[in-house]
Amino acid sequence: MWNLLRFFSRIFVGSTFVFSGFVKAVDPVGGAVKFHDYFQAFSLDWLIPLALPAAIVLAVFEFLIGTLLIFNIFPKPTIRVAFGFMVFFTVLAFVLALFNPVSDCGCFGDAIILTNWQTFWKNIVIMLFATFLFVSIKQIKSPYTASIQLIFSITVLVYIAGISIYSYRHLPLIDFRPYSIGSNLPEGMSYPDNAPQPKYKTSFILEKNGETKEFNEENYPYEDTTWVFVDSRTELISQGYTPPIHDFVLQHPENGNITDQLMEMSNPLFLVISPDISKIRNKQAIDLAQLNQTAQNQEIPFYVVTSSTISRSEEFNNQHKTNFEFLQGDETNLKTIIRSNPGLILIANGTVIGKWHYNDLPDTKEIRHPLSSAIKQQQKNRTRMILLGHAFFIALLSIFILKSRKTINKNQ
């Protein structure tokens, strides 16, 4: 029975680490944004330049520890590290739940959004099994030789680090955000008919004959006009329904909010997303300018969406000799839409058809047939994912094939 419980604990804790690490690894830029929020919340602004490396290291670390737990590789040091990791992050989750400096812990990236209290109780459950492994550490041994364990560990490390670096230099292999390819943006912004509404509690502070008293909507003294209003407080009781997309606004400098107008277009529409246009390098500006010119020749709308000011946008056009038409949007939202600055997205009928990192911008020939280009891009991304998955599992399988009976600990 105890052996079975130890086995289940390894699989449960390990699987949680693997999932948490993988969803972070495929979106290292998103992890960097979350680290940025943490550093600001705890007044550690001097650490902000380390946000991206920290995000990649954390993702790789979690995935590696989880995989080693599942396959019983270097069990003693792995269990000690996993236990220490859970102790630290359980305490951190409790602090976040109490003071709420960051609303979303980011422990599962954008795959699963948890509140700080949900994260804390989730950590408590994992902590129970991690603690059991820690106190049972002497009874847990690996059936493999040290060399096999080392090869296995390096293979996993290279695999997950490769996924994270690839996702940073291109786009996330798996996109968990509401702006992924195939997402309909108007639907993501809509409210279902029976969607729960936010609930508030309002308190009124009134004064009469030097006495101050607090009332609510039910016992408010409407008929007694001798009470004098002093102050009121409104408290949110329940959040209600929040649509997946709730801050997507495209603001034209002259025509105002044209979001609905663009989302209703049946023809293709290109949006270059750049939260900060000062980060667009000259080579990228030239490539985008060529795409813009080709799109204009094809009568395809082409906008650059940024949170930079109008004057900064005009300065950019003058500096790079471009004639981009700029729209303005919320910086946080733009960073959510695509993990690239600049990044290119293709929309038709309000649906995201294609997304390109600045390292993978389509050439001008592809712009002439944007829909077919988007389809080719999706096929290429799927092929890359399949190849990466196969390479990983073939490597792991090779390790176990090479394992002979001599590597099995007969005492197990």
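Some notes on this structure:
- Any hit, segment 250-261, residues being of a type in the set (D, E, K, R), out of contact with any Cys (no Cβ under 8 Å at 6 or more places or on another chain), exposed (fewer than 12 other Cβ atoms within 10 Å of the Cβ) and at pLDDT 90 or above: yes
- Of all residues in segment 64-79, those satisfying the criterion of being in a helix (DSSP H, G or I) and either touching a Phe, Trp or Tyr at 6+ places or on another chain (Cβ under 9 Å) or of a type in the set (Asp, Glu) (or both) are 64, 65, 66, 67, 68, 69, 70, 79.
Residue by residue, here is whether (1) open to solvent by 30 Å² or more (accessible area, probe 1.4 Å); (2) in a helix (DSSP H, G or I); (3) within 19 Å of residue 111 (Cβ to Cβ) holds:
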position	(1), (2), (3)
22	yes, yes, yes
33	yes, yes, yes
40	yes, yes, no
43	yes, no, no
51	no, yes, no
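- Scope segment 217-248; condition open to solvent by less than 100 Å² (accessible area, probe 1.4 Å), within 30 Å of residue 187 (Cβ to Cβ) and polar (S, T, N, Q); matching residues: 238, 242
- Residue check for residue 168: in contact with a Ser or Thr (Cβ under 7 Å, 6 or more places away or on another chain) and of a type in the set (Ser, Thr, Tyr): no
- Of the strands (runs of 3 or more DSSP E) lying entirely inside segment 298-365, none contains at least 3 residues that are in contact with a strand residue (DSSP E or B) (Cβ under 7 Å, 6 or more places away or on another chain) and open to solvent by 70 Å² or more (accessible area, probe 1.4 Å).
- Contact map, segment 2-26: residues that are touching a residue at least 12 places away in the same chain (Cβ under 8 Å) and among the basic types (Lys, Arg) paired with residues that are open to solvent by less than 30 Å² (accessible area, probe 1.4 Å) and not in a helix (DSSP H, G or I), Cβ distance under 6 Å, separation 6+ or inter-chain. Pairs shown: 6/136; 24/109.
- Matching residues in segment 93-103 - criterion: being free of Cβ contacts under 8 Å to residues at least 60 places away in the same chain and surrounded by fewer than 18 Cβ atoms within 10 Å (Cβ to Cβ): 94, 95, 97, 98, 99, 100, 103
- Subset of segment 1-26 [touching a Gly at 6+ places or on another chain (Cβ under 9 Å) and of a type in the set (S, T, N, Q)]: 15, 16, 20
- Residue selected from segment 267-285 under the condition touching a residue at least 24 places away in the same chain (Cβ under 8 Å) and open to solvent by 80 Å² or more (accessible area, probe 1.4 Å), by the criterion farthest from residue 194 (Cα to Cα): 282
- For residue 86, the conditions (1) open to solvent by less than 70 Å² (accessible area, probe 1.4 Å); (2) over 24 Å from residue 4 (Cα atoms) all hold with the exception of (2).
- Of all residues making up segment 261-274, the number that are touching a Pro at 6+ places or on another chain (Cβ under 8 Å) and either outside any loop (DSSP other than H, G, I, E, B) or under 11 Å from residue 305 (Cβ atoms) (or both): 7
- Any hit, segment 228-246, residues being more than 27 Å from residue 110 (Cβ to Cβ), hydrophobic (A, V, I, L, M, F, W, C), at pLDDT below 85 and not in a strand (DSSP E or B): no
The values are calculated or read from the model by the stated rules, or taken from the named source; none is laboratory data. Everything numeric here is computed off the predicted structure, so don't read it as measured data. Because the Cβ atoms are built from the backbone with ideal geometry, glycine has one as well, and the counts that use them run over all protein chains shown. Just so you know, the surface numbers come from the protein's heavy atoms only, side chains and all, with ligands and any DNA or RNA stripped out. Shrake-Rupley method; radii C 1.70, N 1.55, O 1.52, S 1.80 Å.
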